[in-house]
Amino acid sequence: MAPLNIAVVVKFEPDLTEGNISYNSDGTLNRNQTKNTLGPHSKIAAQAAFYAKVKYGARISIGTMSGHAATNALQLAMQTSDADVLQLYSDPKFAGADTIGTAEVLKNGIGKMEGKMDIVFSGHRATDGETGQVGPQIAWKLGFTFLGNVISYDVNLEKRTIIAKRLLNLRGVPEIIQEVEAPLPVFIAIDPSYKYYFDTVSLRLAAEKYKREAFERAQNYKDYLQSFNCQELGADETLVGLVGSPTIVYDVQRVPKGKATRNAAVLDGSNPEHIRQTVKAIGEALSAMVIK
Amino acid sequence: MTEENYRHVYVIIEHIDGNLLPVSLEMLGEARRLFDNFNITYGSKEKVVAVVLGHNIKNLSKTLIEHGADTVIIADHPNLHDLINKIHTKVICQLCLDKEVAAKIEPSYALEFKKPRYMFFAADSIGRHLSSTVMAELDSGLASDVNRLVISDLEINHQIKTGGKRMIYKKTLEMYRVDFSGFLWTTILCLDNNNEKLSIREYSPQSCNIIPGAFQPIKPDPQRNGNIIDFKPKIDEDDLKIKILSQKFVESEVDFDSYRTVVGFGRGIQESPDKNIKMIEEFAKLLNAQIGISLPISKNVFSASPAITSNYMIPARVIGTSGRKISPMLYIAVGISGAMQHVSGMEDSQFVISINSDENSPIKDASDILLIGRMEDIIPKLVEEIQKQQPIIRVK
């Protein structure tokens, strides 16, 4: 049995990178034309799991709730983390879920993974939804201690505890770095600034070995893939999908144009006189000569 | 459900060692404005309830009442000094469901009271997670990053919620949030399931976390009276194994505060990200300016060299509701369209110059000068002109 059992929950999201993203003429995202991929925050969660693979020899299981197209996100997550198992939770009954309906499916999914989990990782928030709610809600449903905004962590395998550093961002005060100790199991939402670091040569060599292993395993990811529908998960149909979601999207509208807070002088960038005028304004602004 | 089962708005107050965070008074201000109107519209006497957890914090009640709270529930306990999500979630849920607390808030509805009608949290590193876990425990819905709230009676016809029938949902909280593009406003509702063919379920409180800076506090009134409730929390011994070992304030990775000028760039760099960012870097250097970005840039939407990506396309440089609020003497927005999220982060700048190829770009309304054209053409000309006028404009 592995000394540490880890789950990572990931999300298949619109790919916002150049060449893959498509915008409508009004500046909004064209979802039909935009490709999907492993979300960038999910990738960081997979990297955090890889750290545990190298340092503690962890066993890693990855799960996602999505359609079958998401298997390429699972493949990428496997390549990033050297995961041992991939799980896809897919059922039309899951469609339209809000965060709590999604958390219910993922909680059940984690329950289907082999062994009891010591750490579950998720990304900070999805790039499209941007709520950051699903991670803490899974944690609560599992009864795990939730640690958000984690920028580094280490596990004491003997004591079965974790020490994690968190970066807290609160408007009105400087950023706070907090060091917290908690008994396992924990649920970690990993901060976007997380980067793993191996401080010994032997760990760096091990990391290279696991990266090669991950690359090879990911080529045959289908051999490690398990799929579950609602019934196979044993999920309560009244707690998932639209039926299990307290919230609905009632309306989507363009953000109304706010009242202009300034009355811009519109200048022509190809007109040398207007360039001179702009630079003069820069000088006045920095000399605090502008009276508004 | 009866109207009496769910009452009041509970506002979860945030503080650091007894010093209130600004968002706490902003949320109270909005709750006060909404409920003054609510109580007139519905002829009721529901309360704005401030909830504060911590240790040695009883002195906060006066400020919270002056800023709009009718009732302050104080949970003052040594084990609440450190903000530990698990412990705070349990205590908030205890006091939300406590009949004695309900009786002290409004004796006439003590027996009927089940849960709060609405709950407000802050959309920051504390409230975002706390709101999620509290709602997971109270079994209700949550909208995040909200910047507008409306209470109204809505006619709903929804396949799942109403089984395709028209129904009136009274006293519904319309929670508005801007999507990630910055251009769409989504209204989220938390609605009971009233579909007889599926499960009938009540979802209260209707709750949200609110973007810091989205609302204004009310003018404090020292004459306001309020009710203070001292709540005795029950702490699970097992949860005390979670320990904060240290906590320190740190300088932000990117310092905006000591710079008089900030140059921000956005999606307008797309034609040649590496080249354009290097050009902006030189421009900023000439003006002794710090460099910021709009939110989409932090999501690595453009491929650039590793050095450029790791230095500039990072969350710490984001200006806006998802990042920092800045107030330099001069802000120069390069290739930024001016989504509301970005504007709220730079609108306090003393003077704003925008460079944009679109004369109708929303950034115009937040600018003192809008220079029309491609950044690739304009910035070299500005650099040349600044060098000519440098003795006048260089400010250390």
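Read-outs throughout are calculated quantities, based only on the coordinates presented, and are distinct from any laboratory measurement. No experiment lies behind these values; they were computed from the predicted model shown. Note: ideal-geometry Cβ built from the backbone for every residue, glycine included; neighbour counts use all protein chains shown.
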Please name which of A:Gly241, B:Ala123, A:Gly96 has its Cα lying farthest along the dipole of the protein assembly as shown towards the positive end, using unit charges on Cβ (Lys, Arg +1; Asp, Glu -1) and the Cα centre as origin. B:Ala123
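Evaluate 2.2 N^0.38 Å with N set to the residue count of the range B:82-140, then give the Cα radius of gyration divided by it.
1.20
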In what order do B:Arg224, B:Arg128, B:Arg166 fall by count of nearby beta-carbon atoms within 10 Å, going from fewest to most? B:Arg166, B:Arg224, B:Arg128
Proxy reagent accessibility, fewest Cβ within 10 Å first, across B:Cys208, A:Cys230, B:Cys190: A:Cys230, B:Cys190, B:Cys208
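Can you tell me how chain A classifies by the Cα gyration tensor, rounded, prolate or oblate, using a/c under 1.5 as the rounded cut? The partial results should precede the final answer.
Values: a/c = 2.00, a/b = 1.56, b/c = 1.28.
In terms of gyration-tensor shape, prolate.
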Going by alpha carbons, how many degrees (0 to 90, nearest 10) lie between the helix axis of A:99-112 and the longest principal axis of chain A? 30 degrees
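Could you tell me what % of all Cα pairs in the range B:3-241 have separations over 23 Å? Could you put the intermediate results ahead of the total?
On the way: 13580 of 28441 pairs.
That tail contains 48 percent of the Cα-Cα pairs.
In deg cm²/dmol and to the nearest 500, what is the mean residue ellipticity at 222 nm of the protein assembly as shown if only DSSP H runs of at least 4 residues count, each as -39500 (n - 2.57), divided by the residue total? Walk me through the numbers before you get to the answer.
Details: 17 runs with 200 residues, N = 688.
After summing the helix terms and dividing by the residues of the protein assembly as shown, the value is -9000 deg cm²/dmol.
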Share of antiparallel DSSP beta bridges in the range A:5-239, in percent to the nearest 5? 40 percent
Least to most buried among A:Val279, B:Val11, B:Val101, by other C-beta atoms within 10 Å and fewest first, runs B:Val101, A:Val279, B:Val11
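Expressed as cubic angstrom per residue, what is the convex hull volume of the alpha carbon set of the range B:212-270?
Details: hull volume 18.3 nm³, N = 59.
Enclosed volume per residue, from the Cα hull, is 311 Å³.
Can you compute the charge dipole magnitude of chain A about its Cα centre, using +1 on each Lys and Arg Cβ and -1 on each Asp and Glu Cβ, nothing else charged? Give it in debye, rounded to the nearest 20. All intermediate terms of the calculation are to be shown ahead of the outcome.
Numbers: 32 positive and 31 negative charges, 105 e Å.
Computed charge dipole of chain A: roughly 500 debye.
Taking the range A:184-280, which trypsin sites (Lys or Arg not before Pro) meet the DSSP loop condition and have no more than 14 other C-beta atoms within 10 Å?
The qualifying sites are A:Lys195, A:Lys257, A:Lys259.
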For the Cα atoms of chain A, what angle does the longest principal axis make with the long axis of helix A:71-81, in degrees from 0 to 90, nearest 10? 80 degrees
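Under 1.5 on a/c is rounded, so check that first for the protein assembly as shown, then, if it is not, pick prolate when a/b is larger than b/c and oblate when it is not; a ≥ b ≥ c are the square roots of the alpha carbon gyration tensor eigenvalues.
Working: a/c = 1.57, a/b = 1.16, b/c = 1.35.
The shape class here is oblate.
Assign one of three labels to the range B:257-342, namely rounded, prolate or oblate, based on the Cα gyration tensor with a ≥ b ≥ c the square roots of its eigenvalues; rounded applies when a/c is under 1.5, prolate when it is not and a/b is larger than b/c, and oblate otherwise. Intermediate results must be reported in sequence, preceding the final value.
Details: a/c = 1.59, a/b = 1.18, b/c = 1.35.
Cα axes put the range B:257-342 in the oblate bin.
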I want the antiparallel fraction of DSSP beta bridges within the range B:3-241, as a percent rounded to 5. 40 percent
With springs only between Cα atoms under 10 Å, which of A:Ala83, A:Ala260, A:Ala69 fluctuates most in a Gaussian network model of chain A? A:Ala260
What share of the DSSP beta bridges in the protein assembly as shown is antiparallel, in percent to the nearest 5? 40 percent
